[in-house]
Amino acid sequence: MDRSAELGLKAMELIVVTLIIGFLLSLLFLAPRFIKSDQTKKVHSDANSKVLKSYNKAEVSLHNKRTDCWIIIKEKVYDVTPYVEEHPGGDAILAHAGDDSTEGFFGPQHATRVFDMIDDFYIGELEK
């Protein structure tokens, strides 16, 4: 093989290797997007399939312990039992367990992130 044929072959090999590396890198960036979009759809479908119920104040008032803590915020019922131990304000969350916590919830002690978090604990509406 002459020198120009060898250079041509090496150039071709370099092009093929570059294309393969480019393809693999594009998969690295695109795969997480597809995975995230599938997970997002799953989360939304789970949220939409959740059966919501109406509760009266008497029902809610039975859930007034650290191990079973429901609260009412603006006529909506939330089961915050899993959050009780994590609550940054300690036992303050239990002050209105089984009762209306609207005033305390919207107090100055809460950061704006709690308004996003609370939706995770929503279980239904308060009967009027």
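The values are calculated or read from the model by the stated rules, or taken from the named source; none is laboratory data. Nothing here was measured: the structure is a model prediction, and the numbers come from that model. Note that we place each Cβ from the backbone using ideal geometry, even for glycine, and neighbour counts take in every protein chain shown. Ligands, DNA and RNA are stripped out before the accessible areas are found, and what is left, the full protein with its side chains, is counted by its heavy atoms. Shrake-Rupley method; radii C 1.70, N 1.55, O 1.52, S 1.80 Å.
Can you put Arg3, Arg66 in order of accessible area, largest first, using a 1.4 Å probe? Walk me through the numbers on the way to the answer.
Details: Arg3 170, Arg66 95 Å².
Ranked from most to least accessible, the order is Arg3, Arg66.
For Lys10, Lys128, what's the largest-to-smallest order of accessible area, 1.4 Å probe? Don't skip to the answer; put the middle values down first.
Values: Lys10 135, Lys128 210 Å².
Order by accessible area, largest first: Lys128, Lys10.
Would you mind classifying the range 80-128 by shape? Square roots of the alpha carbon gyration tensor eigenvalues, ordered a ≥ b ≥ c; an a/c under 1.5 is rounded, otherwise it is prolate if a/b is larger than b/c and oblate if not.
Numbers: a/c = 1.35, a/b = 1.29, b/c = 1.05.
The shape class here is rounded.
On a full-extension model of 0.36 nm per residue, what is the gain between Thr18 and Ser54, subtracting their alpha-carbon distance, rounded to one decimal in nm?
Numbers: separation 36, 0.36 × 36 = 12.96 nm, distance 6.11 nm.
The span from Thr18 to Ser54 would gain 6.8 nm if fully extended.
Let me cross-check Glu125: its accessible surface, 1.4 Å probe, with only protein heavy atoms counted, in Å² to the nearest 10?
Probe radius 1.4 Å; accessible area of Glu125 about 70 Å².
Modelled label-to-label distance, Leu9 and Phe115, 7 Å Cα→beta-carbon offset: nm?
Computed distance between label sites Leu9 and Phe115 equals 6.9 nm.
Assuming R0 = 41 Å, can you tell me the calculated FRET efficiency for the pair Arg66 and Leu25, based on Cβ-Cβ distance, to the nearest 0.05? Before the final figure, lay out each step's value.
Details: r = 51 Å, r/R0 = 1.24.
E(calc), rounded to 0.05, equals 0.20.
Would you pull out the residues with amide H under 5 Å of Ile123's amide H, same chain only if 5 or more places away, H placed 1.01 Å from N?
Placed amide hydrogens put Val77, Tyr78, Asp79 under 5 Å from Ile123.
Give the accessible area for Val84 in Å² (nearest 10); use a 1.4 Å probe, count only protein heavy atoms, and leave out ligands, DNA and RNA.
10
If you count only protein heavy atoms and use a 1.4 Å probe, how large is the accessible surface of Ser61, to the nearest 10 Å²?
50
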